[in-house]
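Encoded as structure tokens, the structure appears first; notes follow it.
The values are calculated or read from the model by the stated rules, or taken from the named source; none is laboratory data. Bear in mind the structure is a predicted one, so any value in this text is a computation, not a measurement. Positions of Cβ are generated from backbone atoms using ideal geometry, with glycine treated the same way; all protein chains shown enter the neighbour counts. Calculation scope for accessible area: heavy atoms of the full protein, side chains included, ligands and nucleic acids excluded. Shrake-Rupley method; radii C 1.70, N 1.55, O 1.52, S 1.80 Å.
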Amino acid sequence: MTSACFHCGEPLPETPRLVVAVDGREQRVCCLGCRAAAELIRDVGLGDYYRFRTAAAPRPEVARDDVWATYDRPEVQAPLVGRDGALAVVNLLIEGQRCAACSWLIGERLGRLTGVARANVNPATARAQIAFDPRAVGLATLLRAIAALGYRPHVLGATDTLAVATRERRTALKRLAVAGFGMMQVMMIATALYIGAVDGMDPVIREYLRIVSLVVTTPVLIYAGQPFFAGAYASLRARHVGMDVPVAVGIALAFAASAWNTLTHAGDVYFDSVVMFIFLLLLGRYVEMLARHRAGSTGEALLRLVPATALRLVGDVRERVPVAALAAGDRVLVPAGECFPADGRIVGGATEADEALLTGESLPVAKGPGAMVIAGALNSAAPVEVELTAVGQSTVVAGIVRLLERAQTERPRIARLADRAATWFVTRVLVGAALVAALWLLIDPSRAFEATLAVLVVTCPCALSLATPTAITAATATLARAGLLVTRPDALESLAHADTVLFDKTGTLSLGRPRLEGVAVRGIARESALAIAAALERASAHPLAQAFEAIAAPPASEVAVHPGAGIEGRVGASRYRIGSPAFVGALAGPRPVELAETGVHLGCQGAWLARFEIGDALRPDAEHVVRELESLGLAPLIASGDDPVAVRRAASSLGIQRWHARLLPADKLALLERLRAGGARVLAVGDGVNDAPTLRAASVSLALGSGSALAQASADLVALRGELATLPAAVRLARRTTAIVRQNLLWSAAYNLVALPLAALGWVPPWLAAVGMSASSLLVVLNALRLARPPRRASARPAAPIVVREAAAT
């Protein structure tokens, strides 16, 4: 009978004797919590977890008061839970998650709950994103289900995840300190023993030094080496070979042989190799953990920007309330030196706002009456009164954090391949070590142990497993600090291989700040035409609608937006359409000759009423960005719903040879499919609702932060500053990332190809094998951390604004 708990792997007590039946066999468990967790896993049909896991499960707490019930309260959920249509979306940090099987178990358990649409759990970051129907299942139920398995869920935004990371770093540092202290002591003793072996040493002193080495190494092995043995034990019990198996076998063999030789006063000892191996391996894992924490720190830093309380104004009364109690439409007073608690519009006073962490803008931005402010920005000049327009999960900063969390709940394809390769390699290493031992026993039994131990130590595939995730983590964090969010894990790999860039025009290559430059009317007063157009455009998120914002408009009803074509709605007793000639013509009939085809048109049943000329300036950095992308080998083209004249002028100004105009969203998608069918790997860049299908279907896509929420949700990358300047630098960084991943993988493979035969031939002693393996792991981590340097942004050439005529379908 095993002496360890079947569920958590901890020692079994003498009494009481608790058992649980799993797969027809009785298994002993250490406590009521482990028995309840094991029974739950069995009863919901997830018993395969125990076969696949590579680490022991955490020990669950015995049920106490229901600490999760408060999460079902609407005022608690408001700042924590986002929306995806009818679904609620919550992001969690799961404490106690130790391996891929843990992630599988949590995901499967949640997936079997009524009302859960999806549950993505990332084993590398210990984060989960759950989309659920709040009418069918409560957030507290989800948290209870995870806690019942023995894990501790933390709702991001409600829990100080920095404290969780701090605990993890503190534990790792303690183990590292114990291993480092032990290594220094044992290495000093080993130096004396090596010198004594050459110059001679009194046998009594030699045995004394060996015993001291045994005494110092034992706590290092038990405490600092515990993660390796726990992982290897759980892996073997689950009939799965993980990375910790050769590590634990090598350490255990070296220590056991050294202890035996010390007690029998014969043979060599390898205590120095044991402590050095543990220390260097822990150091490599600690550096990798720091890189992982750095990637997650961006979203947590953004969340910490939002204050906990705010001064709400109710008439002439000021009251300090929790930010969670605020609602859209409330008015708040934000004193100088405090951060804005939510998104809103300034209705009293003027100030300057520091938005550096949110947008990357280093200088404060002037904000007067009517100006928009965003949650988390610092009010740096004077008190202002703000009317809130978005609170909680509807704010800009919450949307940014959701995009970051989406990226952290998934793993890149190349990282999954590397993990599978590492598992395959471990199996071959163990077989190879057995063959080396057998051959040396036939050739020279005295050298069999050292050669086998060196093979196990020198070929540990830690560098292979660290090669990809460390590089991608460092690059993602670097881009986030530069204002470019990577929202899907495979984006960097796809961006590195892109060879074509497909631009939208309005709001992407142009500034998206259109102005009305001309009006031609037919059978209607100019003021009436403008009022009708403004009434319809109130429902549009298209940049061209901004040209009508300052015009007084009557109410419109039955408004329907047709992306890429125009808007239809009722104003007064008549139905109108505004947009492209084809769209308006379907209602108004054939277009009159006196109304030119270019421009934005307005019509009603059987009548064309007006044509509007709208101008927009190209972005100052657009030409330079296009030139840089071309120098990187990306062929640019424009796919726009705008008028051919406007698109041609923009393409000519930017030096783009290929352009397409008057495209509906379906037409853009068809163009993209033709490009991909021709072998192109397309980077799509856009900002509008009508760009969303193209952004989602492209090989890789970028949405501007100033664009629509749908475009951002569909894209692989989001430019928070709403500009193109970081795109060339992102392409360069993506290519550097791919190159560094390739370097790390090649180095890992080359190192093992060289080190394995040398160790098998007995030319590498165990202590040198430990140095080589750990140096290999540190090398790939440090090589990946070179990506932490911020990318250089494209600088715009000074030039006069280039104005082009717009006639887009709005």
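I'd like to check something: does segment 141-163 contain any residue that is hydroxyl-bearing (Ser, Thr, Tyr), crowded, with 18+ Cβ neighbours inside 10 Å, at pLDDT 75 or above and in contact with a Ser or Thr (Cβ under 8 Å, 6 or more places away or on another chain)? Scanning segment 141-163, I find no residue that is hydroxyl-bearing (Ser, Thr, Tyr), crowded, with 18+ Cβ neighbours inside 10 Å, at pLDDT 75 or above and in contact with a Ser or Thr (Cβ under 8 Å, 6 or more places away or on another chain), so the answer is no. Taking the criterion of being in contact with a strand residue (DSSP E or B) (Cβ under 7 Å, 6 or more places away or on another chain) and open to solvent by 10 Å² or more (accessible area, probe 1.4 Å), the residues of segment 485-499 that qualify are Ser494, Asp499. Note on segment 311-325: residues that are at pLDDT 85 or above and surrounded by 14 or more Cβ atoms within 10 Å (Cβ to Cβ) total 3. Is one or more of the residues making up segment 510-533 under 29 Å from the mean Cα position of the chain (by Cα) and surrounded by fewer than 18 Cβ atoms within 10 Å (Cβ to Cβ)? The answer is no; no qualifying residue exists. Summed over segment 102-130, the residues that are open to solvent by 10 Å² or more (accessible area, probe 1.4 Å) and either modelled with pLDDT of 80 or more or out of contact with any Pro (no Cβ under 8 Å at 6 or more places or on another chain) (or both) give a count of 20.
Residue-wise test of (1) within 24 Å of Pro665 (Cα to Cα); (2) in contact with an Asp or Glu (Cβ under 8 Å, 6 or more places away or on another chain).
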| residue | (1), (2) |
| --- | --- |
| Leu485 | no, no |
| Thr506 | yes, yes |
| Ala525 | no, no |
| Ala531 | no, no |
| His542 | yes, no |
| Ala545 | yes, yes |
| Ala550 | no, no |
| Ser557 | no, no |
| Ala573 | no, no |
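How many of the residues making up segment 201-223 are among the acidic types (Asp, Glu) and open to solvent by less than 60 Å² (accessible area, probe 1.4 Å)? Full working, then the answer.
Quick first cut of segment 201-223, residues among the acidic types (Asp, Glu) only: 202, 207.
Checking the rest, the ones that are also open to solvent by less than 60 Å² (accessible area, probe 1.4 Å) come to 207.
Residues that pass the stated criteria total 1.
All conditions in (1) of a type outside the set (Ser, Thr, Tyr); (2) open to solvent by 40 Å² or more (accessible area, probe 1.4 Å); (3) modelled with pLDDT of 75 or more; (4) over 30 Å from Ala192 (Cβ atoms) hold for Arg285, with the sole exception of (3). Close Cβ contacts (under 7 Å, 6 or more residues apart or on different chains) running from residues in segment 179-190 that are in a helix (DSSP H, G or I) to residues that are open to solvent by 40 Å² or more (accessible area, probe 1.4 Å) and among the charged types (D, E, K, R) are absent. Checked against the criterion of being surrounded by 24 or more Cβ atoms within 10 Å (Cβ to Cβ), within 28 Å of Asp716 (Cβ to Cβ) and at pLDDT 90 or above, the candidates Leu637, Leu632, Leu675, Leu683 yield just one match: Leu683. Reported count of residues in segment 740-759, each being among the aliphatic types (A, V, I, L, M) and open to solvent by less than 30 Å² (accessible area, probe 1.4 Å), is 4.
Among the residues examined, Ala328 qualifies as within 30 Å of Leu484 (Cβ to Cβ), of a type outside the set (Lys, Arg), in a loop (DSSP other than H, G, I, E, B) and at pLDDT 75 or above.
Can you find even one residue in segment 247-263 that is open to solvent by less than 40 Å² (accessible area, probe 1.4 Å), modelled with pLDDT of 70 or more and closer than 30 Å to Ala475 by Cβ? Checked against the condition, which is being open to solvent by less than 40 Å² (accessible area, probe 1.4 Å), modelled with pLDDT of 70 or more and closer than 30 Å to Ala475 by Cβ, segment 247-263 yields at least one hit.
Sort through Gly641, Gly599 and tell me the only one that's under 38 Å from the mean Cα position of the chain (by Cα) and either touching a residue at least 40 places away in the same chain (Cβ under 8 Å) or outside the structural domain of Phe548 (by TED's automatic domain parsing) (or both).
On the way: Gly599 fails: under 38 Å from the mean Cα position of the chain (by Cα).
Step by step, each of Gly641, Gly599 is checked, and only Gly641 is under 38 Å from the mean Cα position of the chain (by Cα) and either touching a residue at least 40 places away in the same chain (Cβ under 8 Å) or outside the structural domain of Phe548 (by TED's automatic domain parsing) (or both).
Listed by first and then second residue, the pairs with beta-carbon distance under 9 Å, at least 6 apart or on different chains, first residue in segment 737-762 and closer than 27 Å to Ala474 by Cβ, second of a type in the set (Phe, Trp, Tyr), are Asn752/Phe425. Would you check if Ala291 is in a helix (DSSP H, G or I), at pLDDT below 75 and surrounded by 19 or more Cβ atoms within 10 Å (Cβ to Cβ)? So Ala291 passes the test.
Report yes if His601 is out of contact with any Ser or Thr (no Cβ under 6 Å at 6 or more places or on another chain) and in a strand (DSSP E or B), otherwise no.
Numbers: out of contact with any Ser or Thr (no Cβ under 6 Å at 6 or more places or on another chain): yes; in a strand (DSSP E or B): yes.
Considered against the rule, which asks whether it is out of contact with any Ser or Thr (no Cβ under 6 Å at 6 or more places or on another chain) and in a strand (DSSP E or B), His601 comes out as yes.
Of these, Arg619, Arg627, which one is buried (at least 20 other Cβ atoms within 10 Å of the Cβ) and among the basic types (Lys, Arg)? Give the derivation first.
Details: Arg627 fails: buried (at least 20 other Cβ atoms within 10 Å of the Cβ).
Just a single option satisfies the conditions, and that option is Arg619.
The single condition among (1) of a type in the set (A, V, I, L, M, F, W, C); (2) at pLDDT 90 or above; (3) in a strand (DSSP E or B) that Val584 does not satisfy is (3). The numbered conditions (1) without any contact (Cβ under 8 Å) to a residue 60 or more places away in the chain; (2) among the aliphatic types (A, V, I, L, M); (3) surrounded by 22 or more Cβ atoms within 10 Å (Cβ to Cβ); (4) more than 22 Å from Ala661 (Cα to Cα) are all true for Val584 except (4).
Return yes or no: is Glu61 surrounded by fewer than 19 Cβ atoms within 10 Å (Cβ to Cβ) and at pLDDT below 70? So Glu61 passes the test. Only a single item in (1) assigned by TED's automatic domain parsing to the domain that holds Glu597; (2) modelled with pLDDT under 90; (3) not acidic (Asp, Glu) is not met by Ala725, and it is number (1).
Scanning segment 673-687 for residues that are farther than 12 Å from Phe503 by Cβ and touching a helix residue (DSSP H, G or I) at 6+ places or on another chain (Cβ under 7 Å) yields one hit, Arg681.
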